[in-house]
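The values are calculated or read from the model by the stated rules, or taken from the named source; none is laboratory data. It should be emphasised that the depicted structure is a prediction, and the values quoted were computed from it without experimental measurement. Virtual Cβ from ideal backbone geometry, glycine too; neighbours counted across all protein chains shown.
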Amino acid sequence: MTRKIFIWVANPKPGSLCSGLADAYQSGAAAKGAEIRRMDLADMQFEPHFEGYGPDAPELEPDLVSWQENVAWADHILVVHPYWWGAMPTTAKAVLDRALTSGFAYKYHRRGIKWDKLLLGRTADAFITSDTPPLLDTLLYRSPGRRVLRNQVFKFCGIKPRAILQFGSVKLAAPEKINGWLSRAETLGRSAA
């Protein structure tokens, strides 16, 4: 069976290392015959300002609807984003805030604190680029970017995390180091397919 993989480059800056990692992953997955869809945050058009959920929440713009359709279509998802102030960029977070809606990604039960995970059956990888070395991020801050994406996004919606990797320190990395990261991304793309 052909794997369906959705790659989301959640970096507002085109041509970044995030794009390069996504390219390598896509190349590896395509080499193994995966069917791939991709969206780049830099190309998405939507209103990032969000005042919360409820009956008066604005309708989703076409790019957010497409993002939802790609998530629903996929067997496997790759999210690639930079690490800014301990989290993904605000415009990337706005996509999650606006598009991972009740009825699409989850559904709370009428009573109590339980919910249905509506994106079950999918797996995901994530690559996070950072200037903070991953070990330092783990020891000092307890890996907030990786932890939130794994537990409060993927698992909350029923997506099974596979590899959540933080690549860094980007600003200190020699070209050989970056090439190693790109090679690892390609290998993970192959295994995802």
Is there any pair with a first residue in the stretch 78-95 that is closer than 21 Å to residue 171 by Cβ and a second that is assigned to a loop (DSSP other than H, G, I, E, B) whose Cβ atoms are under 6 Å apart and which are 6 or more apart or on different chains, and what are they?
-> 81/10; 81/11; 81/88; 82/11; 88/10; 89/12; 92/10
Check residue 110 against each of (1) under 25 Å from residue 192 (Cα atoms); (2) out of contact with any Lys or Arg (no Cβ under 9 Å at 6 or more places or on another chain) and name the one condition it does not meet.
-> (1)
Can you tell me which residue within the stretch 155-193, out of those that are in a helix (DSSP H, G or I) and hydrophobic (A, V, I, L, M, F, W, C), is farthest from residue 32 (Cα to Cα)?
-> 156
Would you be able to say whether some residue in the stretch 21-31 is in contact with a strand residue (DSSP E or B) (Cβ under 9 Å, 6 or more places away or on another chain), closer than 26 Å to residue 142 by Cα and surrounded by 15 or more Cβ atoms within 10 Å (Cβ to Cβ)?
-> yes
Of everything in the stretch 88-142 that's of a type in the set (A, V, I, L, M, F, W, C) and either at pLDDT below 95 or more than 19 Å from the chain's Cα centre (by Cα) (or both), which residue is surrounded by the most Cβ atoms within 10 Å (Cβ to Cβ)?
-> 115
Of residues in the stretch 50-66 being surrounded by fewer than 11 Cβ atoms within 10 Å (Cβ to Cβ) and of a type in the set (Asp, Glu), the one modelled with the highest pLDDT | 59
Of (1) in contact with a strand residue (DSSP E or B) (Cβ under 7 Å, 6 or more places away or on another chain); (2) assigned to a helix (DSSP H, G or I), residue 5 satisfies every one except (2)
Tell me which of these residue 132 doesn't satisfy, since it passes every other one: (1) polar (S, T, N, Q); (2) in a loop (DSSP other than H, G, I, E, B); (3) farther than 14 Å from residue 86 by Cα.
-> (3)
